Amino acid sequence: MNRNLWLLAVCQGLFLTNNVTFIAINGLVGLSLAPLGWMATLPVMGYVVGGALSTGVVARVQSRLGRQRSFQLGLLVAFASALLCAYAASSRNFWLLCLATLLAGYYSANASLYRFAAAELAEPSAKEKAISLVMAGGLIGAIVGPNLATYTRTLLDAPFAGAYLALACVALLASALLAFVNFPPPPARSAAGTGRPLGVIMRQPVFIVSTACGALGYGVMNLLMASTPIAMQQCGLPFSNAALVLEWHVIGMFAPGFFTGHLIRKFGAPVIMAVGIALNLACIAVALSGVNLHQFLIALFLLGVGWNFLFTGSTTLSLQAYRPEERDAAQGAINFFLFSTLGVTSFASGALVTTQGWTLLNWGSLVPVLAIAGLLFWFTRRSVRPATA
């Protein structure tokens, strides 16, 4: 564990400050500006769709410019898009808000590579711990994000316009800190060129399972998290309660990062991912038991811890799927599937919670959770079979 990792962990925290604040306010701002209620989470959807559309561009920019300059470009986009969001909220322009969050997706696609960069900043024997530590930096977002939304939402006349301006300042701070991170040079190309074709990499069982489990696990988390502020408002709970629930949810997402890497190294990624599945099922059970504050709080906290186990485990597992010279193409493909899934769940969360309700939303989330369980079971059985033979 070195200075570069700690600085990257703080940058991860500032990135999650942006994400948590977006989740906390975009649905509510969208609900106040949207022509129809089911469009409320289109600004949330715009953020992740923008990320999906940017993955290919980000991969090429990373390959050409390297980690440092590519990450700084992402933060420049974050600064500009936050200012545009503030203007859209002030002028009550719903479609401009959607466009601004779509542009902000470039930053999301860029900063989501922090977790992969962490593995390059540590010794090979400490990759799991490095990924876990940088993920733990999201605790900053857990604490700062909801409070930033709460204390800046009335800073200007337009609700939450001040929060978007605060996010522009967060981007500038992250850019200053990132300047002090020394990333290793890009991996040398192999004698055969740039490595195996992407299609060959993607057909590997380890790639399929790590990517699908990471994307679906993130999708379930996003499906429930993005709809929580709207669901709590529909249940008559104040925004301060929603901010509290999101704060503990994000604490659950990133606090385990201080020990998840150790658990993965000791028990293996598939075991930790299986625990994440069990925690997701527990979250759904609690959410279906009622709509009081403590039920929202416990359910979202369990959802956060389950996401951490699933996502950190799948990220660690994915490192087995590609060689160093194949890094940019493989990571771009992983993030494309991730953001595509988030785009679908962001739209579904708003449409379902406003038309069908919180209960049906939770029942529906059982489908992807069980799909993850089936994939992981298939992979572990397939991995064990040659050894027993």
Under Karplus coefficients 6.51, -1.76 and 1.60, residue-wise ³J(HN,Hα) of the stretch 309-324 in Hz, glycine/proline x: 5, 5, 6, 5, x, 5, 5, 5, 5, 5, 5, 7, 8, 9, 8, x
Over the stretch 264-389, equivalent-ellipsoid semi-axes from the Cα gyration tensor in Å: 30, 19, 13
Sum of side-chain charges, residue 207 neighbourhood, beta-carbon under 14 Å (Lys, Arg +1; Asp, Glu -1): +4
Length-normalised contact order for the stretch 43-146 - Cα pairs under 8 Å, 6+ apart - percent: 34
Zero-based 5 Å bins, Cα pair distances in the stretch 1-95, whole percents: 3, 11, 17, 22, 18, 12, 9, 5, 2, 1, 0
The chain, relative contact order in percent, only Cα pairs under 8 angstrom and at least six apart counted: 27
Spherically averaged projected area of the stretch 270-333 from its Cα convex hull (nm²): 5.0
Rounded if a/c under 1.5, otherwise prolate or oblate - the stretch 133-248, Cα gyration tensor axes: oblate
Order of 311, 116, 180, 254 under a 10 Å beta carbon neighbour criterion, fewest first: 180, 116, 311, 254
Percentage, to the nearest whole number, of Cα pairs in the chain over 35 Å apart: 20
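Throughout, read-outs are computed from the coordinates displayed, never taken from laboratory work. Computed from a predicted model, the values in this text were never measured in an experiment. Reconstructed Cβ throughout: ideal geometry from the backbone, glycine too, with neighbour counts over all protein chains shown.
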